[in-house]
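The values are calculated or read from the model by the stated rules, or taken from the named source; none is laboratory data. The structure presented is a predicted model; accordingly, all values stated were derived computationally and were not measured. Here the Cβ positions follow ideal geometry from the backbone for every residue, glycine too, while neighbour counts run over all protein chains shown.
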Amino acid sequence: MAKRGIAVVFTLLGVALFISLAGFVLLYFAFGREPSVPSNATLTLAIGGDLTEMAPTELVSFVSGARAPTVRAIVENLHKAKVDRRVSAVLIKSTGLTTPFWAKLQEIRDAITDFRTSGKPVYAYLEYGGDRDYYVASAADKVFLMPSSPLDLAGIATYEVFLRGAFDKFGVYPDLHHIGDYKTAVNTFTEHGFTATHKEMDESLNRDLLAHVVQGIAEGRKKPEAEIRRLIDEGPFLPENAVKAGLIDEVAYEDQVVDKLHEARPGSTREIDANEYGRVSLTSLGLNRGPRIAVIYAAGEIAGGRGGYDPLNGPAMGSDTLIEYIRKARKDSSIRAIVLRVDSPGGSASASDAIWRELRPRKRRVDRQRVHRWQKVRQRQPNWRPSLRNDHRTEMTMYACGRIRIAP
């Protein structure tokens, strides 16, 4: 009887093992292999939301099937589509961009502009004509707006909350350190309103950002910058008025835009979405070859210990995790350069110091470079030092680094 029981147990284990192996095989064939891209295909890129730098890896997003596109995924899909002979057109479908970081929008917009050099058409369809959505869409050959949506183009503004008046009513005094006139992080608690320097700083940032937005729209719509500024002052627009102003080409629904794109590229009746096309490797199209470059994402609030993804607060940049990646890249003799891509509001001073130390030169190879790329507008006091010891530091022109504390 005991032998029979043991036989049953091993039989069940064998069946479970077989089912597990069969499941892995099915997963490989479903997701591991590159998709079959039809010839003369139209690539649809849905762009919206916060535009994260790293894809969420927590269980909730995996189970729910949420696949928020990252900035890198969108840009790489456009680079691949540019050289892929199977892709004959691209449809940019903007579903409502909420990111406050215009440098991310600029990178996507630049990728659209680069795609246009291939001679393939790229149309943009706006479900909502927000300022961020329109800025990206204006790089396309044609811009279409849903009939029920306004073109909400009304300029750039910033808003601040000041709590000192409320504190005064409760008899609370905010005893906070304030170093430098332009260090405005504590103004929320210590001031009743804008100080002269705080207002000067915000107005300067807004003017600079608006200038870049105007320049981009003017180039995309082939209009003088002065005319774009005048139209922004007159906004927002009803759909029909936006067409008359030359800001969009037509008012249409998504299926009508798809039909017009097929007419512009006869034969391009097959479509492929971004998630599926994202599994096409760069090397299969002759891209991503040559000397290897390590791209390390420094995303999230800087903290000590291990990094990870918090479902409530988003990514956390753990100094131990980032240092581990930097050391791994340094020890790999095939890597010629390291790109540290920063998307962080700041955080721990000691964790930043540890990362900075790891980026300092040891025994330098003359053929190896480090490039530090800033990607985001800073919002808080970030105690950030790693960028100070890089060979090169680059920023998107719509990036602003504010209220930063640089240690000597």
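Can you tell me which of (1) at pLDDT below 95; (2) surrounded by fewer than 23 Cβ atoms within 10 Å (Cβ to Cβ) is the one residue 71 doesn't meet?
It fails just one condition, (2).
Mind telling me which of the residues 335, 296, 302 ends up being within 23 Å of residue 50 (Cβ to Cβ) and surrounded by fewer than 20 Cβ atoms within 10 Å (Cβ to Cβ)?
Working: 335 fails: within 23 Å of residue 50 (Cβ to Cβ); 302 fails: surrounded by fewer than 20 Cβ atoms within 10 Å (Cβ to Cβ).
None of the other options fit; the residue is 296.
If the requirement is being polar (S, T, N, Q) and touching a helix residue (DSSP H, G or I) at 6+ places or on another chain (Cβ under 7 Å), which of these qualifies: 117, 158? Spell out the reasoning first.
Details: 117 fails: touching a helix residue (DSSP H, G or I) at 6+ places or on another chain (Cβ under 7 Å).
Going through 117, 158 in turn, just one is polar (S, T, N, Q) and touching a helix residue (DSSP H, G or I) at 6+ places or on another chain (Cβ under 7 Å): 158.
Please determine whether any residue of the range 131-140 is buried (at least 16 other Cβ atoms within 10 Å of the Cβ) and more than 26 Å from residue 233 (Cβ to Cβ).
Looking through the range 131-140, none of the residues is buried (at least 16 other Cβ atoms within 10 Å of the Cβ) and more than 26 Å from residue 233 (Cβ to Cβ).
Considering 133, 114, which residue is of a type in the set (Asp, Glu), at pLDDT 95 or above, touching a strand residue (DSSP E or B) at 6+ places or on another chain (Cβ under 6 Å) and assigned by TED's automatic domain parsing to the domain that holds residue 264?
133
When you scan the range 291-352 for strands (runs of 3 or more DSSP E) that lie fully inside it, which ones turn up with 3 or more residues that are under 19 Å from residue 71 (Cβ atoms)?
Answer list for the range 291-352: 292-299, 314-318, 335-343.
When you check residue 290 against the structure, is it out of contact with any Leu (no Cβ under 9 Å at 6 or more places or on another chain) and either farther than 19 Å from residue 347 by Cα or at pLDDT 95 or above (or both), yes or no?
Working: out of contact with any Leu (no Cβ under 9 Å at 6 or more places or on another chain): yes; either farther than 19 Å from residue 347 by Cα or at pLDDT 95 or above (or both): yes.
Spelling it out, residue 290 is indeed out of contact with any Leu (no Cβ under 9 Å at 6 or more places or on another chain) and either farther than 19 Å from residue 347 by Cα or at pLDDT 95 or above (or both).
Can you find a residue that is closer than 30 Å to residue 234 by Cα and outside the structural domain of residue 94 (by TED's automatic domain parsing) anywhere in the range 166-181?
No, the conditions are met nowhere in the range 166-181.
Among (1) modelled with pLDDT under 90; (2) surrounded by 13 or more Cβ atoms within 10 Å (Cβ to Cβ), which single condition is residue 362 missing?
Only one criterion is unmet by residue 362, namely (2).
Can you tell me which residue is surrounded by the most Cβ atoms within 10 Å (Cβ to Cβ) among those in the range 220-251 that are within 27 Å of the chain's Cα centre (by Cα) and free of Cβ contacts under 8 Å to residues at least 60 places away in the same chain?
Filtering first and then ranking leaves 228.
Identify all residues within the range 253-289 that are assigned to a helix (DSSP H, G or I) and of a type outside the set (A, V, I, L, M, F, W, C); write none if there are none.
Within the range 253-289, 254, 255, 256, 259, 260, 262, 263, 275, 276, 277, 283, 284 qualify.
Could you look through the range 252-282, keep only residues that are among the β-branched types (Val, Ile, Thr) and out of contact with any Ser or Thr (no Cβ under 9 Å at 6 or more places or on another chain), and pick out the one that is surrounded by the fewest Cβ atoms within 10 Å (Cβ to Cβ)? Talk me through it step by step, then tell me what you get.
Here is the first cut: in the range 252-282, the ones among the β-branched types (Val, Ile, Thr) are 257-258, 269, 272, 280.
Filter again for out of contact with any Ser or Thr (no Cβ under 9 Å at 6 or more places or on another chain), leaving 257, 280.
Values: 257: 23, 280: 21.
This residue is 280.
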